Amino acid sequence: MHTDIRGHSLTTDSKEAAADFSTAIDMFTQRQVDVVPVLQKSIDSDPQFTMAQATFGLMLHGARNANLKANMQSALTQAKVAYSHSTRREQQYVDALECACNGDLFAMVACYENILNDHPTDLLALNLAQGELFWLGEMQHSNRLSDMAMPHWNENIPGYSEYLSVRAFDLEETNQFLEAEKAGKQSVALRSTNIWGAHAVAHVFLMQGRHREGLEWLSSKQDNWSNTNQMKFHIWWHQCLFHLERKEHDAVLEHYDRWVRNRSDALMVAMPDLYIDMQNGSSMLWRLEHAGVSTGNRWQEMAELAARRIDDMNSTFTSAHYAVIFAATGQFELCAKLIANMQSFAQSNNHTLAKRYADAAIPAAIGAVAHRKGDYQQTLEAMLPARNHFWQMGGSHAQQDLFHQILVDAAVKLKQKDTAALLLQEIEARGFTEPTRNVAYQAAGKLVH
Ligand SMILES: [Fe+2]
């Protein structure tokens, strides 16, 4: 029996397995690259180390890729070998993996909650819970978890910077911007490479329309993240958003090609269709075009990747983005096939995401496709009744805003002043300060006033 850096028991006789596992968890919570090889080293040292096996499976789940389902199931089988000899905390991780394999994502979150009730400084559970709840759109729930853990954390506990960054993002997504900025900045002050903390602060700047500050904040830190995973591409997406608001379109395109969708980057070579990267790319191209900027043939590479995953229903928000991608390349037959796959998934099983596809992702996809066809009436018909469910696709307010931009643009194109005014009010209520000052909503602002 060994312990991790925060004193949680690890059921393994192998010192090497415990040390590598602890390193992998530090790397994961710090959004570093190459977590899985270190985890694999831990497993190689002790194949019956339940915690490492379960965590390996949970990392695979985190990729939200149907092609990894068999490997997840295999990790679950391995994790169960020494289940009865493991601690209750470790068993809950195995249970969480089993829930993930069964598509019961709220039961999965409940496992993390059980762990955090008994072990509030279990940073892995806190991170995994936030990740899961984020992609379910349940950030109030995530906020409760990090809030409940707060009295148990202080600067003397290893990982405090990472705790603060989780806390900062929960605060930001629940519109507690002042506290979010403070926690995020503190997390970065404690560890300058804390990309998750810097990201939370970037969100605050975006929501509050503080674009110059956001640009300064991010551009002064972009050199800190050389050892960071795909999160660094997402944070370049954020920098592009600030440039876009300042009408610095050349900078957006340059950063897009170099960072957001650079197919030559080693991380993107290894996993070109990672869900977050596909979301970043398609969302940025749509916004650029909406701002009147030509994007050339940049949609094409994503369309080819999305076509290979057209029946992958592991991420509602990504599926909706696939519709945006196929429509942008004029492949409306693929749009129809994708939407049929989404409908079939939504109707035919009890996976947690099924209802979310039905309530949010399918109408979002139908609306986005209709918008590209110029059928703005159909966009309104699909999206208006569903707009207050879009949060169920997960993603941040900033990310979800893409689909609200599509909806508002349809209302503008149809000169539906009252609808546009209502939608703008709702966008402000979601936390955006004076949305008509943002480039995407300037036309709506003119129509309404
Ligand atoms: Fe973000």
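The values are calculated or read from the model by the stated rules, or taken from the named source; none is laboratory data. Quantities reported herein were computed from a predicted structural model and do not represent experimental measurements. FYI the Cβ positions are ideal-geometry reconstructions off the backbone, even for glycines, and counts take in every protein chain you see. Only protein heavy atoms, including side chains, enter the accessible area calculation; ligands, DNA and RNA are left aside. Shrake-Rupley method; radii C 1.70, N 1.55, O 1.52, S 1.80 Å.
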Practice task
Apply the Karplus parameterisation 6.51 cos²θ - 1.76 cosθ + 1.60, with θ equal to phi minus 60°, to every residue of region 32-42 and state each ³J(HN,Hα) to the nearest whole Hz, in sequence, with x for glycine and proline.
Solution key: 8, 6, 6, 5, 4, x, 5, 4, 5, 4, 4
Completion exercise
Each label sits 7 Å from Cα toward the beta-carbon; between ALA340 and GLN378 the label points are separated, in nm, by 1.5
Practice task
Tell me which residues come under 5 Å, amide H to amide H, from LEU10 once H is placed; ignore anything under 5 positions away on its chain.
Solution key: HIS2, THR3, ASP4
Practice task
State whether region 1-56 is rounded, prolate or oblate according to the following rule on the C-alpha gyration tensor (a ≥ b ≥ c being the square roots of its eigenvalues): a/c under 1.5 gives rounded; otherwise a/b larger than b/c gives prolate, and the remaining case gives oblate.
Solution key: oblate
Practice task
Over the chain, give the accessible area per residue in Å² for a 1.4 Å probe, as an integer.
Solution key: 38
Completion exercise
Scoring only Lys, Arg, Asp and Glu (+1, +1, -1, -1) among other residues with Cβ under 12 Å from the Cβ of SER14 yields -3
Completion exercise
At the level of C-alpha centres, the distance separating region 328-387 and region 161-194, in angstrom, is 34
Exercise for the section: Find out how many positive minus negative residues lie around ALA368, taking Lys and Arg as positive, Asp and Glu as negative, among other residues whose Cβ is under 12 Å from that of ALA368. Expected result: 0
Exercise for the section: In Å³ and rounded to a whole number, note down the convex hull volume per residue for the Cα atoms of region 358-449. Expected result: 82
Exercise for the section: Using Cα positions and a limit of under 29 Å, work out the lysines in reach of LYS221, with same-chain residues fewer than 8 apart set aside. Expected result: LYS182, LYS185, LYS232, LYS247
Completion exercise
Here the convex hull volume per residue of region 273-449, taken over Cα atoms and given in Å³, is 101
Fill in the blank from the handout: Listed by chain and number, the lysines with an alpha carbon less than 19 angstrom from that of LYS413, same-chain partners under 8 positions apart left out, are LYS373, LYS446
Handout entry: Förster radius 51 Å - calculated FRET efficiency between HIS449 and ARG88 (Cβ-Cβ, nearest 0.05)
Key = 0.30
Exercise for the section: Compute the FRET efficiency between LYS413 and VAL81 as 1/(1 + (r/R0)^6), taking r as their Cβ-Cβ distance and R0 = 45 Å, and round to the nearest 0.05. Expected result: 0.15
Practice task
Find how many whole Å separate the alpha carbon centroid of region 95-148 from the alpha carbon centroid of region 254-297.
Solution key: 30
Handout entry: Residue-averaged 222 nm ellipticity for the chain, from DSSP H runs of 4+ at -39500 (n - 2.57), nearest 500
Key = -20500 deg cm²/dmol
Exercise for the section: Pop the C-beta distance of ALA266 and SER192 into the FRET formula with R0 = 22 Å and round what comes out to the nearest 0.05. Expected result: 0.40
Handout entry: Heavy-atom accessible surface of region 1-150: percent carbon and sulfur, 1.4 Å
Key = 50
Handout entry: Nearest-ten-degree value, helix 275-290 long axis tilted from longest Cα axis of the chain
Key = 20
Practice task
Give me the angle, in degrees from 0 to 90, between the Cα long axis of helix 88-102 and the longest principal axis of the Cα atoms of the chain, rounded to the nearest 10.
Solution key: 40
Exercise for the section: Provide Rg over Rh for region 160-264; use the alpha carbon set for both Rg and the Kirkwood Rh (inverse mean inverse pair distance). Expected result: 0.97
Handout entry: Within a Gaussian network of the chain (alpha carbon springs, distance under 10 Å), most fluctuating of ASN297, ASN154, ASN67
Key = ASN297
Fill in the blank from the handout: Semi-axes (Å, rounded, descending) of the ellipsoid equivalent to region 1-150 per its C-alpha gyration tensor are 22, 18, 14
Practice task
Pull up all non-local amide H partners of GLN32: gap of 5 or more, or a different chain, and H-to-H distance under 5 Å with H placed in the peptide plane.
Solution key: ASN229
Practice task
Taking only the C-alpha atoms, wrap a convex hull around region 215-359 and report its volume per residue in Å³ as a whole number.
Solution key: 124
Problem - Radius of gyration, Dmax [the chain; alpha carbons; angstrom] - result: 21.6, 70
Fill in the blank from the handout: Output for region 172-250: chymotrypsin sites (Phe, Trp or Tyr not before Pro) sitting in coil per DSSP, at most 11 other Cβ within 10 Å, listed by number, reads none
